[in-house]
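To start, the structure itself, in structure tokens.
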Amino acid sequence: MIAPALTPYTAVLLIPTGIGCAIGGYAGDALPVARVLGQAVDCLITHPNVLNGAQLYWPIPNALYVEGYALDRFAAGDWNLQPVCQNRIGLILDAGIEPDLRLRHLQAAEATRATLGLHLTDYVTTDRPLEVCLGRSSTGASWGQVTHLDSLLRAAETLLTQTKAEAIAVVTRFPDDGGSEALQDYRQGRGVDPLAGAEAVISHAIVRAFQIPCAHAPALQPLPLDPHLSPRSAAEEIGYTFLPCVLAGLSRAPRFHTASPGVSGLDTAGVNVVITPASACGGSALLHWAAQGKTIVAVEENTTTLSVYPESLGIPVLRVQSYLEAIGVVISDRAGVDAQRLRSSISLLKDLHFS
Amino acid sequence: MNTPLELNTSIESNFITLDVPLENSPLQMQQAIEIALKQWGDPLRWAVMEVDVSNQIAKIEAIVTKAIVTQIKE
């Protein structure tokens, strides 16, 4: 048993979306990592890409579901995270969703009210179709844009002023492209999620504008059966919507308070360790945490489409091969033990000869 | 963004790529990237996507936004 710490031991699990992470780049396939890591720490901070499994999710009581833009602001010291018992969730539906698909999403929302007891407010439809465009950069990462971002923000503003929503779930009509190579790769558990970049833009825009928890579920027509579907992608093909996990996550997502003296909540100083894929060390949040001298654990097995290694940016890290090893490092750190002492070799201390 | 978004305002978002010289520390790198991006709009999402060590360049990909008033209200 690890003795209770005087302050909560807090880990951040970063698995960026849209860069083809071998673990976590598909349908909530990093959720097992989060479940185990949650057992090793007092508080686990991670983002929707890690915890969302479309129809599947797992309530991790000590996990904080924090959207990516909010993670950046938290790492920068601008925002604190205030855990809550529950949020009233407002739902925004893209006007571009066809009636049957829209009804599926409303029924999914109603199901979470009846079966999970989630608190949803009345919902809003955007004043025009949002029109999502998908793209991919030369580095292979998924990017995307929303043609009518202002319509999304007006819908959010309406929701917030007319209801008492404390978190926002967005459902946007995404292009159906069942024959694309990118989608076929994704269904086989390889390549990059083609939707990820645009999804991030949607939630980032709302979080930036309103400083409120937000997460997104794409609305798509069901795909034809594929006997070769990868287990990593399967969670997104067992139902009509991706909405349940989003609502479950937002129901207890922490709220964001502007950091200042006397403001309550968890601040970036309370983070003990950050875990990241080794080849994706160029994000804003990680750069902030590196600057703060946080212990950063870089997992080599979680390959991505990128080659942004920590050494190239002057970020000191502990390199490990797997998440199993990373969790061992975290437990060692929490126990106050140098993780290197769990290995068979030990070198002697050296005289620095500084004179 | 704390002011009401009127129907005559649109949000323009652009995907951009930038080369930013590598800095001596992660904090300086983060700040240099933000400054460079703000010349193009309000940064919404960005990351270093490639590092050219020989030329000491960080290649950034980003989405930036600008609010555009599409008609003048009387």
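The values are calculated or read from the model by the stated rules, or taken from the named source; none is laboratory data. All values reported here derive from a predicted model rather than from experimental measurement. Heads up, the Cβs are rebuilt from the backbone with ideal geometry, glycines too, and the neighbour counts pull from every protein chain shown. Accessible surface is based on the protein model in full, side chains and every heavy atom, while ligands, DNA and RNA are left aside. Shrake-Rupley method; radii C 1.70, N 1.55, O 1.52, S 1.80 Å.
One residue stands out in region A:126-147 among those that are more than 24 Å from the chain's Cα centre (by Cα) and of a type outside the set (Lys, Arg): the one that is farthest from the other protein chains (Cβ to nearest Cβ), namely A:129.
Suppose we keep only residues that are open to solvent by 30 Å² or more (accessible area, probe 1.4 Å) and not basic (Lys, Arg) within region A:84-95. Which one would you say is farthest from residue A:213 (Cα to Cα)?
First pass over region A:84-95, keeping only residues open to solvent by 30 Å² or more (accessible area, probe 1.4 Å): A:85-86, A:88, A:95.
With the extra rule that they be not basic (Lys, Arg), the set shrinks to A:85-86, A:95.
Values: A:85: 14, A:86: 12, A:95: 22 Å.
Here the residue is A:95.
Among the residues of region A:204-216, at least one is farther than 21 Å from residue A:306 by Cβ, within 14 Å of chain B (Cβ to nearest Cβ), in a loop (DSSP other than H, G, I, E, B) and modelled with pLDDT of 95 or more. Filtered by the rule that a residue be under 21 Å from residue A:95 (Cβ atoms) and either acidic (Asp, Glu) or not in a strand (DSSP E or B) (or both), region A:168-199 gives A:174, A:175, A:176, A:177, A:195, A:198, A:199. Being touching a residue at least 60 places away in the same chain (Cβ under 8 Å) and surrounded by fewer than 19 Cβ atoms within 10 Å (Cβ to Cβ) is the filter here, so list the residues in region A:117-133 that pass it. The answer is A:119, A:133.
I need the full set of residues from region A:338-352 which are open to solvent by 100 Å² or more (accessible area, probe 1.4 Å) and farther than 16 Å from residue A:297 by Cβ, in order please. Selection gives A:341, A:344, A:346, A:348, A:349, A:350, A:351, A:352. Within region A:183-198, the residues that satisfy the criterion of being over 18 Å from residue A:150 (Cβ atoms) and touching a strand residue (DSSP E or B) at 6+ places or on another chain (Cβ under 7 Å) are A:192, A:193, A:194, A:195, A:196, A:197.
Here residue A:98 meets each of (1) among the charged types (D, E, K, R); (2) open to solvent by 20 Å² or more (accessible area, probe 1.4 Å); (3) within 14 Å of chain B (Cβ to nearest Cβ) with one exception, condition (3).
Only one entry in A:114, A:165, A:109 is in a helix (DSSP H, G or I) and surrounded by 20 or more Cβ atoms within 10 Å (Cβ to Cβ), namely A:109.
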